[in-house]
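Below is one structure, written out as structure tokens, with a few remarks after it.
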Amino acid sequence: MKNTIKVERAKKNWTQAELAEKIGVSRQAINSIEASKFVPSTVLALRMAKEFGASVESIFQLEETDLV
Amino acid sequence: MYIWLKQIRAMEKSKKPLSDRLPLYALIWVLSYIGSLGALKMLSLPEEFEVILTIVPALAFALFLYTFYRYVHLMDEVQIKIRMEAAVVAFSLALVTVMTLGLVDIAFKLNGEDWNFRFLAPMFMAYYLIGLVISKRKYNIDHEEHD
């Protein structure tokens, strides 16, 4: 699964640490999610989308390999 | 021991963050194990006292585990997954170790001084640390590229 967290952060001019604080996780967690090493839970994805003022689908997208 | 208990009670009352208490409880557990091991090997003690010495490290570990369990609730999902995978790695390696030692013991009759149950505790701890390193690498925790 790919994501546009880095782009959304850049739009808001937030660091990973700032985003982490806003959604209540560690900066390492943001780093891991942003690098697509970890797929967040639905709650965390929704929290993130809410902070960015965007939809979950616009931040997280399935890749070819994720499709059945 | 009584001083430790007093300190632990004081720390519980002081509401220090769990992250501060956890390393201390881990240290108490390790020191109680080493202390009991040394005392049981080197001293000739009454049987009742030896029983107490064998139980103390288990109690210290129970305290550490209880605090760790509470600390897990404060972790985010990436941190929880890292520790869970580390535990899986540690459990698998521990199982392989015990299984292999059991078979080797049947085949060659292990010398008690070369291999003993007491060597397993530090090995299992090392397995968990190995698991942590592997899991942290997997989730990009150690290879940080951030702003």
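A short reminder: the numbers here are calculations on the coordinates, not readings from a lab. Being a predicted model, the structure only gives us computed values, none of them experimental. Cβ sites come from the backbone with ideal geometry, for glycine too, and all protein chains shown count toward neighbours.
Scaled to the globular estimate 2.2 N^0.38 Å, the Cα spread of the stretch A:2-66, given as radius of gyration, is 1.01.
Among A:Lys2/A:Lys50; A:Lys22/B:Lys136; A:Lys50/B:Lys136; A:Lys12/B:Lys138; A:Lys11/B:Lys138, which pairs are too far apart, with a Cα-Cα distance over 26 Å?
Details: A:Lys2/A:Lys50 18 Å; A:Lys22/B:Lys136 23 Å; A:Lys50/B:Lys136 28 Å; A:Lys12/B:Lys138 29 Å; A:Lys11/B:Lys138 28 Å.
Beyond 26 Å: A:Lys50/B:Lys136; A:Lys12/B:Lys138; A:Lys11/B:Lys138.
Classify the protein assembly as shown: rounded, prolate or oblate, from the alpha-carbon gyration tensor (a ≥ b ≥ c, eigenvalue square roots; a/c under 1.5 rounded; otherwise prolate if a/b is larger than b/c)? Oblate, because a/c is 1.5 or more while a/b does not exceed b/c. Judged by the mean number of other Cβ atoms found within 10 Å, the most tightly packed of the peptides B:47-54, A:34-41 leads the ranking A:34-41, B:47-54. Rounded to the nearest 500, the helix-only mean residue ellipticity at 222 nm of chain A stands at -15000 deg cm²/dmol, with each DSSP H run of n ≥ 4 adding -39,500 (n - 2.57). For the residues of B:77-88, the average number of beta carbons from a partner chain within 10 Å of their own beta carbon is 3.
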